[in-house]
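In what follows, a single structure is set out as structure tokens and then discussed.
The values are calculated or read from the model by the stated rules, or taken from the named source; none is laboratory data. Just so it is clear, the structure is predicted and the values come from calculations on it, not from any experiment. Reconstructed Cβ throughout: ideal geometry from the backbone, glycine too, with neighbour counts over all protein chains shown. Areas reflect the complete protein model, heavy atoms only, side chains present, ligands, DNA and RNA absent. Shrake-Rupley method; radii C 1.70, N 1.55, O 1.52, S 1.80 Å.
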Amino acid sequence: MSETIFTKIIKREIPANIVHEDDQIIVFHDINPRAPVHLLLVPKKPIPTLADVAEEDLHLITHIHREAQRLAKELNFEGWRMLINVGEKGGQEVFHLHYHLLGWPRE
């Protein structure tokens, strides 16, 4: 897989507004938000699309979902959704697996 903007963010070659990082994922604000809070949850392992996730990656997918739950609670979301675009025709622009977490905090 060729280097993407997300691998450059992970390596700190490009700045991002990071809200969480651990040994498996990095989470940062989307620069083109589609909701009051729009975060990207990106695995550090370079997986091009959801279609490329292997059996050995399932723990990573679970980790991403658990982190989304934690962030939604921490950020006091009244409602939220997660989106994954798969492939060019599915709207994917960066070919490094990432989840969009869109949230609407309680007022």
Next item on the list: Could you tell me which residue of the range 74-97 is farthest from H38 (Cα to Cα), considering only residues that are touching a Gly at 6+ places or on another chain (Cβ under 6 Å) and open to solvent by less than 60 Å² (accessible area, probe 1.4 Å)?
Entry: N85
Note to self: Can you find, within the range 26-71, the residue that is farthest from the chain's Cα centre (by Cα) among those that are among the hydrophobic types (A, V, I, L, M, F, W, C) and open to solvent by 30 Å² or more (accessible area, probe 1.4 Å)?
What the structure shows: A54
